[in-house]
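Structure first, then comments.
Every number here is computed from the coordinates shown, using simple stated rules; none is lab data. Worth saying up front: this structure is predicted, and the values here are computed from it rather than measured. Counting neighbours? That spans all protein chains shown, and the Cβs are built from the backbone with ideal geometry, glycine included.
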């Protein structure tokens with residue numbers, strides 16, 4: 001996949017539909033501190049107030065160069081956003097606003113997984129059923145995708 | 001049980017072979033403050049957390065650490081890929097070659113193999129969570145040391161990302177610790 005990614009430090013990504021969707025998701029207090037999924041994902045930190053920059057290093061902007069990279073970035077960023085809220089909810093299980101947002105991201109992540117798998121193969125073994133071909137090993141492994 | 005997802009948590013694409021950096025970076029695979037120690041630490045401690053918050057948080061962070069093991073392994077693998085014997089020797093990796101050829105093996109930056117002795121469990125959840133907070137801070141510090149040692153943006157990007165994860169994990173452990181302090185739980 002990763003010859004399909006430019007690791008550009010400064011340019012805006014070509015694809016960023018999520019910014020529009022999630023710039024002002026809810027009006028609860030914790031949500032105001034959240035980055036939208038793409039920005040949160042490239043930082044490795046969805047929570048704006050918890051982000052701590054190291055020296056002068058800015059987060060790497062991930063720019064997908066083809067459809068597979070774009071679909072995978074969707075999976076990555078939405079799964080990440082859901083996972084960040086998962087960890088938050090482990091500690092604050094009664095935060096209704098965050099539960100709503102978690103549901104939303106998790107559902108979008110599930111859809112992103114389906115969209116990716118339709119063209120580029122199964123991400124989990126669960127996705128294989130009722131199949132004539134065992135495609136689990138037909139696609140590159142994550143550590144060697146750059147060789148493709 | 002666990003299910004494998006056939007993707008990295010964050011994309012990695014290292015184009016430049018760098019055996020020197022591979023030798024340093026492997027410590028976040030098999031060193032005292034590395035990702036393997038983190039995963040086993042939390043997944044081992046979770047059974048004796050006093051309530052479901054603790055069990056959930058240690059399960060979920062422990063699981064994420066497994067994904068970080070995969071990221072670090074991928075980076076070491078890509079940094080070492082296609083290394084010649086001469087290059088390995090020049091980088092001080094001839095002893096690694098003798099034991100493991102070009103395979104991965106969890107050690108620290110000095111070549112000391114991973115040991116579960118890096119991980120503590122006391123049965124005291126406050127002591128355990130204090131260890132977890134310290135572990136996240138130490139891992140963050142090591143990521144900063146590693147960032148200082150390279151100029152390759154393909155390496156720095158994922159290291160910056162993993163460093164932020166240490167910050168988040170520290171924060172969640174601290175919140176849980178504070179919650180337990182305020183709401184005394186009976187140890188179990």
Just need the Rg to Rh number for the stretch B:1-77, please, alpha carbons only, Kirkwood Rh. 1.06
Roughly what would the spin-label model give for residue A:65 and residue B:127, points 7 Å off Cα along C-beta, in nm? 5.4
Potential extension, residue B:175-residue B:20 segment - 0.36 nm per residue separation minus Cα distance: 52.0 nm
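Given just the C-alpha atoms of the stretch B:45-186, how large is their convex hull per residue in cubic angstrom? All intermediate terms of the calculation are to be shown ahead of the outcome.
On the way: hull volume 16.1 nm³, N = 142.
Measuring per residue, one finds 113 Å³ for the Cα hull of the stretch B:45-186.
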In the stretch A:50-70, which residues have a backbone nitrogen under 20 Å from the label point lying 7 Å from residue A:33's Cα in the Cα-to-Cβ direction? A:50-54
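Dividing the Cα convex hull volume of the stretch A:49-111 by residue count, how many Å³ per residue is that? Don't skip to the answer; put the middle values down first.
Details: hull volume 5.9 nm³, N = 63.
Cα-based convex hull of the stretch A:49-111, divided per residue, equals 94 Å³.
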Could you give the distance between the Cα centres of the stretch B:110-188 and the stretch B:16-72, to the whole Å? 8
Roughly what percent of Cα-Cα pairs across the stretch B:120-188 reach past 16 Å? 54
Take the alpha-carbon positions of the stretch A:78-124, form their convex hull, and give its projected area averaged over all directions (one quarter of the hull surface) in nm². 3.2
Computed [θ] at 222 nm, deg cm²/dmol, the protein assembly as shown (DSSP H ≥ 4; -39,500 (n - 2.57); rounded to nearest 500): -18000 deg cm²/dmol
Obtain the nm distance between the two label points defined at residue B:117 and residue A:131 by a simple spin-label model: each point lies 7 Å from its Cα along the Cα-to-C-beta direction. 4.5
Specify the residue with the greatest mean-square fluctuation among B:86, B:70, B:136, computed from a Gaussian network of chain B linking alpha-carbon atoms under 10 Å apart. B:86
Taking R0 as 35 Å and r as the Cβ-Cβ distance between residue B:94 and residue A:49, the FRET efficiency 1/(1 + (r/R0)^6), rounded to the nearest 0.05, comes to 0.15
Kirkwood hydrodynamic radius, computed over distinct alpha-carbon pairs, for the stretch B:56-122: how many Å, to one decimal? 14.0
Rg and Dmax of the protein assembly as shown, using alpha carbons, in Å: what are they? 20.1, 60
